[in-house]
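As structure tokens, the structure follows; a few thoughts come after it.
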Amino acid sequence: MRSGECLGLQWEDIDFKQRKIHIRHTLTDVGGKHFLTTPKTSTSIRDLYMNDNLVELLKKHRIEQRKLQMAIGSDFAHPEMVFTSATGNYKDRSSLNTSLKRFLKGTDFEYLTLHKLRHTNATLLLNNGVDLKIVSDHLGHADIQITADTYTAVLNSSKKKTAELMEQILTKQTPNKHQMLGIG
């Protein structure tokens, strides 16, 4: 997800039963004021499936957020939002990036940004054989060509691996006529 899409998530967008995140908004900052707007493109409106770890993390986060809401009461500004400041206000991208940097300090991943994590996600998916169209949909790109252009180096690497794999398959054993017909 783009950082604005994460920050625009509302609890109603999280479907724990179906294990889906419905991306319907992005949090936009204009002159220090925050607004929920529609995502970058119409294809950015999408559903992402959650794995077990993410489901559990979001459930724990919701419990902690509810504790804050109980302590603060009606002053908790946006209880409908998944990611907020400690007082329930909208969380902006700069504070999100600052939090990430603080979390990664002293690790081998200090260089990462939220946007680099998005690229890492796409690269890992492509390197593990996920179809380009599925990755494009997953990222919410308006067109598959955007994904192809952005990840040209990864796709070229995959093409090389495909050629090497075919060579291995074909040189391992030469199938006889019966094996080629599936009766061997």
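Considering all projection directions equally, how large on average is the shadow of the alpha-carbon convex hull of the stretch 1-106, in square nanometres? One quarter of the hull surface, i.e. the mean projection, equals 7.7 nm².
Listing Ser44, Ser95 from fewest to most neighbouring C-beta atoms within 10 Å gives Ser95, Ser44. Karplus-derived 3J(HN,Hα) values for the stretch 27-33, using 6.51 cos²θ - 1.76 cosθ + 1.60 with θ = phi - 60°, are 8, 10, 10, 10, x, x, 9 Hz; glycine and proline are entered as x.
What does the charge count around Pro79 come to, taking other residues whose C-beta lies under 15 Å from its C-beta (Lys +1, Arg +1, Asp -1, Glu -1)? Within the 15 Å Cβ shell, the charges total -1. Extension gain, Lys161-Asn128: 0.36 nm per intervening residue step, less the Cα-Cα distance, totals 10.8 nm. Using a cut-off of 10 Å between beta-carbons, work out the net charge of the residues near Leu139 (Lys and Arg +1, Asp and Glu -1, Leu139 not included). Combined, the nearby Lys, Arg, Asp and Glu give +2.
Between Asp52 and Asp149, full extension at 0.36 nm per residue minus the direct alpha carbon distance yields a gain of 31.7 nm.
Packing here is the average count of other Cβ atoms within 10 Å per residue, and on that basis the peptides 112-121, 51-60, highest first, run 112-121, 51-60.
Cross-link check: pairs Lys33/Lys133; Lys40/Lys101; Lys17/Lys105 evaluated at a Cα-Cα cut-off of 29 Å; pairs beyond the cut-off: Lys33/Lys133; Lys17/Lys105.
Check Lys20: other-chain or 5+ apart residues with amide H under 5 Å from its amide H, H built from backbone geometry? Under 5 Å from the amide H of Lys20 lie the amide H atoms of Asp15, Met50, each far enough along the sequence or on another chain.
Ordering 129-141, 4-16 by mean Cβ neighbour count within 10 Å, with the highest value first, yields 4-16, 129-141. Each Cα pair under 8 Å and six or more residues apart adds its separation to the average, and for the chain the resulting relative contact order is 19 percent.
Rank the residues Arg24, Arg66 as a footprinting-exposure proxy: fewest other Cβ atoms within 10 Å of their Cβ go first. Ranked by crowding around the Cβ, least crowded first: Arg66, Arg24. In this simple spin-label approximation, Lys116 and Leu68 carry label points 7 Å from Cα along the Cα→Cβ vector, and these lie 2.6 nm apart.
Summing charges over neighbours of Leu104, with a neighbour being any other residue whose Cβ is under 14 Å away from its Cβ, gives +2 when K and R count +1 and D and E count -1. If R0 equals 41 Å, the separation of the Cβ atoms of Gln10 and Thr107 corresponds to a calculated FRET efficiency of about 0.85. One equal scatterer on each Cα of the chain, no solvent, Debye formula: the resulting log10 I(q)/I(0) at q = 0.14, 0.19 Å⁻¹ is -0.91, -1.42.
Bear in mind that the values in this text are calculations on the coordinates, not laboratory data. Predicted model only: the values in this text are computed from it and were never measured. Neighbour counts run over all protein chains shown; Cβ positions are idealised from the backbone, glycine included.
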